[in-house]
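Read the figures in this text as sums done on the coordinates, not as results from a lab. From a predicted model like this one, the values you see are computed outputs, not experimental measurements. Don't worry about glycine lacking a Cβ; one is built from the backbone with ideal geometry, like all the others, and counts go over all protein chains shown.
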Amino acid sequence: MSERTCSTDGCEGPYGRITTGMCSKHYQRYKLHGTTEDRPRRRWIMCAHPECSRQARAGGLCRAHTADPQASNDTLPPRFSRRTPGPEPYCVFLACDRPHKANGLCHEHKLLMADPDFEPDGPTCSWPKCHSASVTRGLCTRHVHFRYLALRPYGMTLDQYDALHAAQSGRCAICAGVNANGNWLAVDHDHSCCPTKGTSCGRCIRALLCGNCNLMIGHSGDAAERLRAGADYLDQWNAREVMRAV
């Protein structure tokens with residue numbers, strides 16, 4: 001007994017439906033589209049608005065410009081607006097103006113760092129308890145990558161961090177101190193703008209803080225009233241201790 005094949009022209013696959021005589025592929029196609037013929041893929045059409053690169057929906061416009069055809073990208077409602085990308089960050093190596101490709105390195109410096117014969121002749125890395133040779137910015141290869149990846153969620157480049165760090169003379173913006181363990185100052189931003197922990201749009205960054213001051217601001221929920229009440233509370237108890245001593 002010969003094996004029965006699909007009843008669709010040009011298909012030699014075994015049929016799986018006795019009632020239709022079609023293979024599974026053509027039966028599902030017939031069930032969904034009412035025909036066994038190949039359906040051409042839909043082309044992705046861009047919105048006809050001159051300032052928009054979204055996918056067109058109805059009438060050649062995207063959903064946002066269908067609701068308001070005259071609106072520009074700057075006047076769209078928040079749910080339709082897109083974050084405008086900032087300037088393209090450049091390679092972390094000093095005096096290198098090429099855009100980065102991966103982990104803050106341009107293509108040339110990425111190949112240089114991957115070269116097994118590459119031997120940095122700079123001083124020791126400034127990272128605490130790191131004795132590797134420095135390659136740029138006083139950091140070794142590993143910690144250059146680490147700082148780049150750590151600052152990226154805040155929308156900051158190493159140049160921007162260094163500029164803010166120099167403007168604060170390397171000191172915390174609140175207590176004018178530094179971290180006792182030698183760690184870098186933390187990036188403080190407005191949590192009402194970007195509530196997600198450890199992320200910032202880059203426009204709500206306020207200053208650099210030491211670890212203790214950063215925790216104090218974070219645990220207070222950015223509430224100035226709570227911090228003032230805490231300061232008054234300590235002043236009252238300190239005054240009592242002074243009176244007891246007298």
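Using the number of other C-beta atoms within 10 angstrom as an exposure proxy, rank Thr196, Thr136, Thr5 with the fewest first.
Starting with the residue having the fewest Cβ neighbours, the order is Thr196, Thr5, Thr136.
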I need the calculated FRET efficiency for the pair Leu149 and Arg63, taking r as the beta carbon distance and R₀ as 35 Å, to the nearest 0.05. 0.50
Here the gain from full extension of His191 to Ala173, 0.36 nm per residue of separation minus their alpha-carbon distance, amounts to 4.8 nm
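To two decimal places, what compactness ratio does the range 177-246 give when its Cα radius of gyration is scaled by 2.2 N^0.38 Å?
1.45
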Mind giving me the FRET efficiency for Met46 and Arg98? R0 is 22 Å, r the Cβ-Cβ distance, nearest 0.05 is fine. 0.10
By how many nm would the segment from Cys11 to Met216 lengthen if fully extended, with 0.36 nm per residue of separation less the alpha-carbon distance? 66.7 nm
